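Everything on this sheet refers to the single structure shown next.
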Amino acid sequence: MTDVQQMLSSILAWGLVSNKKTLLRLLEKTLEKGEMVVDLIDGFIETPERTLMRDRGGALFVTGKRILFIGFEKGAVLSLKYDEIERIVQEKGFAAITIVFRLKSRDISFKTFAGTSSAGKFIAHIHEIMGDEISLSKKESAHTFDDIARSFIDRTAMRQIDEMNQTARGDETDGLIEDMTNLNFLFSEAKKIKEALAGSDIFTHIPEFRKNVINDLLVISSLAAMADGTMSAEEHLFISMAILPFNPDNSPAIEKLANSFFAFDSFPLHYRKEIERFWDTISSYMKREKVSVKGNMLPSLLDARGYDASVGTACFDRIAQAYYGFAQCLMKVDGSMSPAEEERLREIRALVYQKVDGVAESQMVREKEETLEEIMEKINSLVGMKKIKEEISTFINLIKVQKARREKNLPLTPLSLHCVFYGPPGTGKTTIARYLGKVYKALGLLKKGQLVETDRAGLVAGYVGQTAIKVDEVVQKALDGVLFIDEAYSLVPANVAGNDFGLEAIDAILKRMEDYRDRLVVIVAGYTDEMKRFIDSNPGLKSRFSRYFYFDHYTPGELMEIFEIFSRNAAFKVDNLAREKLKNSLTILYEKRDRSFGNGRLVRNIFEKIVERQANRIAGIAPLTEEVLCAIVDADVPDLEDISV
């Protein structure tokens with residue numbers, strides 16, 4: 001098993017594969033003596049024999065003797081000798097690459113989302129092993145992601161959309177939609193997309209995000225609306241409604257139209273002509289901005305992933321769900337879906353939710369590099385944490401002086417970047433750890449400064465020898481950044497008789513801290529008493545962790561500040577009675593607090609409950625004006641006995 005692990009560790013794709021334990025176990029049993037793995041790729045295999053393998057997930061391995069497929073489930077293994085293969089065909093799809101192995105009596109297909117370059121490299125390795133015995137060919141699918149999107153964009157920008165609509169309708173109608181049920185459905189879905197996308201802080205932090213959203217909505221439109229080669233009047237109108245809030249021309253008139261249009265609860269018929277004319281704006285925008293597909297990724301979703309990783313939000317989930325819902329509406333608007341359209345929808349979902357582990361860091365995190373001053377400004381703007389802010393400033397000054405002494409070849413005092421965070425839950429420990437990674441990067445101490453968060457479950461396995469593998473996987477993700485271990489004391493449970501795999505995890509972490517002392521910062525966190533026991537449990541921990549940060553409970557005033565931030569970000573206006581009621585409850589809860597008091601998490605839970613209660617209160621009000629939608633009154637604030645700490 002160790003030999004197999006060492007062999008695979010040199011292959012980049014191995015770091016991106018899931019279910020490593022299953023694959024390792026089966027590889028150990030399957031590989032012959034002296035058989036070496038050259039390359040691998042993960043995905044789904046399909047053979048003509050349904051009972052053998054059909055859409056089975058796993059990994060494909062190239063060895064010096066054969067091609068092996070090993071499945072994640074039920075130990076499925078398929079072996080192909082090179083002399084069985086007559087030809088290999090690479091077919092490019094919308095979000096995936098299909099590798100077809102042409103045998104004498106059948107074809108075996110393997111679909112991967114790893115990307116064109118990875119698939120090409122994988123096939124090239126096979127070609128290197130077999131020399132000229134395998135005929136390699138690359139076949140572009142008749143309707144690739146780029147082809148369909150380009151066709152839609154070009155024809156639309158050239159004002160050929162009316163011709164397409166006429167073909168789709170097959171009659172002499174004026175294209176107006178008279179079915180109010182369908183109109184209202186499309187309107188409500190467009191409104192959901194607007195609310196999911198337009199309210200995010202990401203718009204202010206990443207200037208190009210709005211343009212990327214418009215681009216990606218048009219790309220998804222091309223794949224969904226053109227699945228049957230035409231675009232109906234309903235689809236045409238729905239795309240216009242979805243893009244309207246993002247104002248392609250940044251025009252005050254369009255902004256006013258969008259605000260007025262979406263202020264209604266159902267489709268306002270008197271705006272129908274204006275929405276249809278809005279297509280002229282979309283058409284000219286597409287020509288001017290040269291809207292196109294950017295590889296096999298949606299830029300706005302890359303923006304969202306990078307933003308989430310940077311500030312700890314969940315923008316990606318909300319935006320991805322909105323995009324997939326948009327595609328579903330476009331493809332179901334005519335009331336039916338053909339098998340080809342169902343396949344297209346699956347591919348759109350794969351495009352939206354695809355993994356980005358293999359995407360370059362520079363691609364995923366698109367926001368500008370932050371200076372040390374900008375990072376410290378964000379830290380100082382956090383609620384409370386006066387002592388923590390002072391300690392970080394002192395720590396930064398110490399690091400600066402150390403760097404200056406190094407430049408002048410003066411003796412240096414030992415300086416450890418590893419930290420221990422003491423404190424109760426919900427006090428901002430993860431947030432500070434994320435900012436510390438940015439500080440280290442700005443000071444040139446770490447190359448990336450990303451935060452990888454884990455706990456006992458992410459480090460400890462249930463079998464001998466497996467814990468070190470899990471630790472290595474987590475450490476590899478955290479290299480050049482910060483590894484944050486929450487509730488680290490659980491690695492050394494109190495009153496546990498005999499050996500515990502948590503001790504193995506600690507030994508593995510200490511070794512990796514030494515191996516990667518210039519590339520890895522470890523921050524451990526948890527309750528004060530338990531963390532002291534954890535640090536005292538191993539001399540290696542004491543020697544490597546010499547910097548301690550103490551996080552206090554938030555005061556009632558600080559908890560209210562956090563609530564006000566949540567409210568402002570969601571555009572809610574809280575009246576004085578509601579504010580006073582909540583402050584009284586928070587004061588009582590704070591005075592009765594114990595070690596499980598939730599602090600910031602408690603405020604978030606209360607805020608979410610307030611939003612739910614407000615929704616129930618205003619559901620029957622018509623019309624739902626902006627004033628009604630944004631008002632929080634005392635009836636929306638739960639009573640003290642209804643608040644769960």
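The values are calculated or read from the model by the stated rules, or taken from the named source; none is laboratory data. Note that the coordinates shown come from a computational prediction; the quantities given were computed from them, not determined experimentally. A quick note on method: Cβ atoms are made from the backbone with ideal geometry, for glycine too, and the neighbour counts reach across all protein chains shown. These accessible areas exclude ligands, DNA and RNA; they are computed on the full protein's heavy atoms, side chains included. Shrake-Rupley method; radii C 1.70, N 1.55, O 1.52, S 1.80 Å.
Worth pointing out:
- Region 179-211: number of residues that are more than 20 Å from L330 (Cβ to Cβ), modelled with pLDDT under 80 and open to solvent by 70 Å² or more (accessible area, probe 1.4 Å): 3
- Here Y554 passes the criteria (1) assigned to a strand (DSSP E or B); (2) open to solvent by 10 Å² or more (accessible area, probe 1.4 Å) except the one numbered (1).
- Count of region 343-355 residues, restricted to those that are surrounded by fewer than 16 Cβ atoms within 10 Å (Cβ to Cβ) and either within 20 Å of A190 (Cα to Cα) or at pLDDT below 70 (or both), is 2.
- As for region 580-593, it holds at least one residue that is part of a loop (DSSP other than H, G, I, E, B), surrounded by fewer than 17 Cβ atoms within 10 Å (Cβ to Cβ) and in contact (Cβ under 8 Å) with a residue 12 or more places away in the chain.
- Positions within region 495-507 being surrounded by fewer than 20 Cβ atoms within 10 Å (Cβ to Cβ) and either within 23 Å of the chain's Cα centre (by Cα) or modelled with pLDDT of 85 or more (or both), in sequence order: L503, D507
- Some residue of region 478-494 being out of contact with any Cys (no Cβ under 7 Å at 6 or more places or on another chain), of a type in the set (S, T, N, Q) and modelled with pLDDT of 85 or more: yes
So that you can scan it fast, the table gives a plain yes or no per residue for (1) in a loop (DSSP other than H, G, I, E, B); (2) closer than 30 Å to D594 by Cα:
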residue: R405; (1), (2): no, no
residue: T427; (1), (2): yes, yes
residue: T431; (1), (2): no, yes
residue: I469; (1), (2): no, no
residue: V475; (1), (2): no, no
residue: F484; (1), (2): no, yes
residue: D507; (1), (2): no, no
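- Helices (runs of 4 or more DSSP H) enclosed by region 247-314 - at least 1 residues per element that are aliphatic (A, V, I, L, M), within 30 Å of K441 (Cα to Cα) and at pLDDT below 80: 299-311
- Test: residue in region 600-616 that is in a loop (DSSP other than H, G, I, E, B), surrounded by fewer than 17 Cβ atoms within 10 Å (Cβ to Cβ) and either modelled with pLDDT under 90 or over 33 Å from the mean Cα position of the chain (by Cα) (or both): no
- Any hit, region 399-413, residues being touching a residue at least 40 places away in the same chain (Cβ under 8 Å) and under 20 Å from F545 (Cβ atoms): yes
- Residue in region 532-550 that is among the hydrophobic types (A, V, I, L, M, F, W, C), in a strand (DSSP E or B) and open to solvent by less than 50 Å² (accessible area, probe 1.4 Å) present: yes
- Residues (open to solvent by 40 Å² or more (accessible area, probe 1.4 Å) and under 33 Å from the mean Cα position of the chain (by Cα)) located in region 628-645: L629, S644, V645
- Total residues in region 106-153, condition farther than 27 Å from E35 by Cα, among the polar types (S, T, N, Q) and either modelled with pLDDT of 70 or more or part of a loop (DSSP other than H, G, I, E, B) (or both): 2
- Scanning region 372-423 for residues that are loosely packed, with under 11 Cβ neighbours inside 10 Å and not aliphatic (A, V, I, L, M) returns E373, S381, K386, E390, T394, N397, E407, K408, N409, P411, T413, P414.
- Only residues that are open to solvent by 20 Å² or more (accessible area, probe 1.4 Å) and either part of a helix (DSSP H, G or I) or modelled with pLDDT of 85 or more (or both) were counted across region 212-228, and they come to 0.
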